[in-house]
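The structure appears below as structure tokens.
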Amino acid sequence: MTFGERLNHLLANFRHVDESFFDDLEETLIGADVGFEMAMQISEQLRDEVKLQNAKKPKDVQNVVVQKLIEIYDAAGAEENNQLTFAKEGLTVILFVGVNGVGKTTTIGKMANRFKKQGKKVLLAAADTFRAGAIEQLNVWAERDGVDIVKKPEKSDPSAVVFDALKKAKAENYDILFVDTAGRLQNKANLMNELAKMKRVISREVPEAPHEVLLVLDATTGQNALTQAKLFKETTDVTGIVLTKLDGTARGGIVLAIRNELHLPVKYVGLGEQVDDLRPFEPSEFIYGLFK
Ligand code: GDP
């Protein structure tokens with residue numbers, strides 16, 4: 001069952017708002033990876049609100065739950081902007097970071113398609129020169145999307161790939177450059193140096209770039225995703241999250257946990273493996289969507 005289905009099930013099947021209802025709610029929230037503290041906080045606030053509004057009928061309690069989740073979500077990061085930042089003029093550079101297997105390459109493929117459809121001239125940089133197959137996989141997406149790609153042989157210096165891509169992007173007036181990077185978290189110092197070097201190369205060529213550093217996280221890994229996020233935040237200036245594999249996961253509550261613990265906005269969500277399965281993240285739509 002997805003997070004929404006579990007919440008719906010709980011809300012549809014209770015008879016009285018009593019201790020066991022709140023127990024079940026806490027269990028559902030924890031199971032959905034909202035995080036223990038946040039689950040307790042939500043449950044406390046709901047107790048008060050349910051009392052205050054004298055909500056007894058399931059529909060009324062459900063409304064309180066929805067209102068409260070949105071309120072808590074908003075309060076956790078009212079200053080956060082979940083829109084992508086673009087260059088005021090000229091080239092926009094977006095760097096993608098994250099460990100292997102989270103869906104980085106797939107996300108870039110989907111996003112390139114999305115912006116190409118909007119009439120943008122998109123270039124990809126295959127700067128994950130470390131993982132075997134990563135360059136070819138991005139190349140397949142480039143061909144499928146009909147966008148250009150800059151690549152070098154495996155094990156090349158990622159910054160050299162980025163440098164070539166920036167030169168091309170500027171010379172040929174591209175609107176957006178998406179940079180795929182390697183995610184070697186087991187060697188944090190190395191990763192940190194590599195990302196720092198790449199960022200230096202980028203900002204030397206395009207002041208104010210990169211405009212975004214998007215951390216890609218796999219929702220199905222639950223609290224592990226949160227741990228990865230904390231490490232990446234220490235490694236580089238992450239500006240936002242793309243949360244993949246939210247299709248069919250019981251762990252959608254990770255969205256709330258990311259907001260509450262990391263104070264990073266989720267900007268896009270991945271809802272499947274196909275090219276159209278990527279959506280800008282709309283917080284209230286997401287929370288209302290849980291109860292459909
Ligand atoms: P990378 O190593 O981070 O570049 O990850 P990939 O892009 O290669 O993705 C790893 C696997 O996850 C692939 O099989 C993708 O098809 C799959 N994947 C990526 N995004 C999603 C998503 O939103 N939903 C689902 N169900 N699968 C996804």
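The values are calculated or read from the model by the stated rules, or taken from the named source; none is laboratory data. As the structure is a prediction and not an experimental result, all values here were calculated from the model. Neighbour counts are summed over all protein chains in view; Cβ atoms, including those assigned to glycine, are modelled from backbone coordinates with ideal geometry. Quick note on the areas: whole protein, heavy atoms, side chains included, nothing else; ligands and nucleic acids left out. Shrake-Rupley method; radii C 1.70, N 1.55, O 1.52, S 1.80 Å.
Here is how the numbers come out for the structure above:
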{"item": "Percent antiparallel among DSSP beta bridges (both partners in the stretch 92-281, rounded to 5)", "result": "10 percent"}
{"item": "Cross-link partners of Lys188 among lysines (Cα-Cα below 27 Å; sequence separation of 8 or more within a chain)", "result": "Lys104, Lys151, Lys152, Lys155, Lys197, Lys199, Lys230, Lys233, Lys245, Lys267"}
{"item": "Kirkwood estimate for the chain, i.e. one over the average of 1/r between Cα atoms, Å", "result": "20.1 Å"}
{"item": "Heavy atoms of His16 accessible to a 1.4 Å probe, total area in Å² rounded to 10", "result": "130 Å²"}
{"item": "Relative packing of peptides 190-199, 119-128 - highest average C-beta neighbours within 10 Å first", "result": "119-128, 190-199"}
{"item": "Arg200 paired with Asp60, simple spin-label distance in nm, labels 7 Å along Cα-to-beta-carbon", "result": "6.4 nm"}
{"item": "Over the chain: helical MRE at 222 nm, DSSP H runs n ≥ 4 each giving -39500 (n - 2.57), nearest 500", "result": "-15500 deg cm²/dmol"}
{"item": "Test item: Cα-centred dipole of the stretch 92-281, Lys/Arg +1 and Asp/Glu -1 on Cβ, debye", "result": "220 debye"}
{"item": "Gap separating the Cα centres of the stretch 1-58 and the stretch 105-138, nearest whole Å", "result": "41 Å"}
{"item": "Kirkwood-based Rg to Rh ratio, the stretch 10-139, C-alpha trace", "result": "1.17"}
{"item": "Radius 11 Å from Cβ of Val275, net charge of other residues (Lys, Arg +1; Asp, Glu -1)", "result": "+1"}
{"item": "Partners for Lys59 among lysines (Cα-Cα distance below 25 Å; same-chain residues under 8 apart left out)", "result": "Lys51, Lys68, Lys292"}
